[in-house]
1. Place a +1 charge on the Cβ of each Lys and Arg in the chain and a -1 charge on the Cβ of each Asp and Glu, then give the dipole magnitude about the Cα centre in debye, rounded to the nearest 20.
2. Tabulate in residue order the Karplus-calculated ³J(HN,Hα) for region 106-118, using 6.51 cos²θ - 1.76 cosθ + 1.60 with θ = phi - 60°, rounded to whole Hz; enter x for Gly and Pro.
3. So how tilted is helix 124-134 from the main axis of the chain? Cα-based, degrees 0 to 90, rounded to 10.
4. Using 0.36 nm per residue of separation minus the Cα-Cα distance, give me the extension gain between Leu109 and Asp85 in nm, one decimal.
5. So how do 39-49, 87-97 stack up, highest first, on mean other-Cβ count within 10 Å?
6. Local charge sum around Arg117 (other residues, Cβ-Cβ under 14 Å, Lys/Arg +1, Asp/Glu -1)?
7. Given a cut-off of 13 Å, what percent of all Cα-Cα pairs of region 1-51 lie beyond it?
8. How high is the FRET efficiency from Leu64 to Arg117, r the C-beta distance, R0 35 Å, rounded to 0.05?
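Every number here is computed from the coordinates shown, using simple stated rules; none is lab data. Predicted model, so just to flag it, every value in this text is computed and none were measured. In this analysis, Cβ positions are derived from the backbone assuming ideal geometry, glycine residues included, and neighbour counts consider all displayed protein chains.
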Amino acid sequence: MKKIKSILFMLLGIVSLGIGLAGTVLPVLPGGPFYLFAAFCFAKSSKRIDAWFKGTKIYNKYVLAFLQKKGLTLKEKIRINLTADFFILLSVLYVDILLVRIIMIVLALYKHYYFVRKIKTLPADRQGDEVNEAN
């Protein structure tokens, strides 16, 4: 039973990591929650896989940095929003269905609201200090 549970968590972690990677480049799919879920699943599947995942660049850049800082710098927020807006604009121009265009525009507006109101903006000078303390 323990072996099956371990395999199930590993598969869920791999799927979640894949969706998280897709969410890094797709504007309407958030990558962060999937990275966090992947970390949880890998931790539950085996200690070796958990150690591997926590040593990856993805974990250190997206999950650990966000968890330690509890927010994003203004530069990070702008970079993420501009990248997402670029892909949203391409999608809106490419898709020919009005309802889908409206949904994407509403999601884009909500994304901006979420980044401005819900994610804490950290001072730029603190970012380097906290990342260095973690290493």
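1. Its charge dipole is roughly 520 debye.
2. Here the 3J(HN,Hα) series is 4, 4, 5, 5, 5, 4, 5, 4, 4, 5, 6, 9, 9 Hz.
3. 10 degrees
4. 7.7 nm
5. Descending packing order for the listed peptides: 39-49, 87-97.
6. Once positives and negatives cancel, what remains is +4.
7. Beyond 13 Å sits 53 percent of the P(r) for region 1-51.
8. Efficiency, rounded to the nearest 0.05: 0.90.
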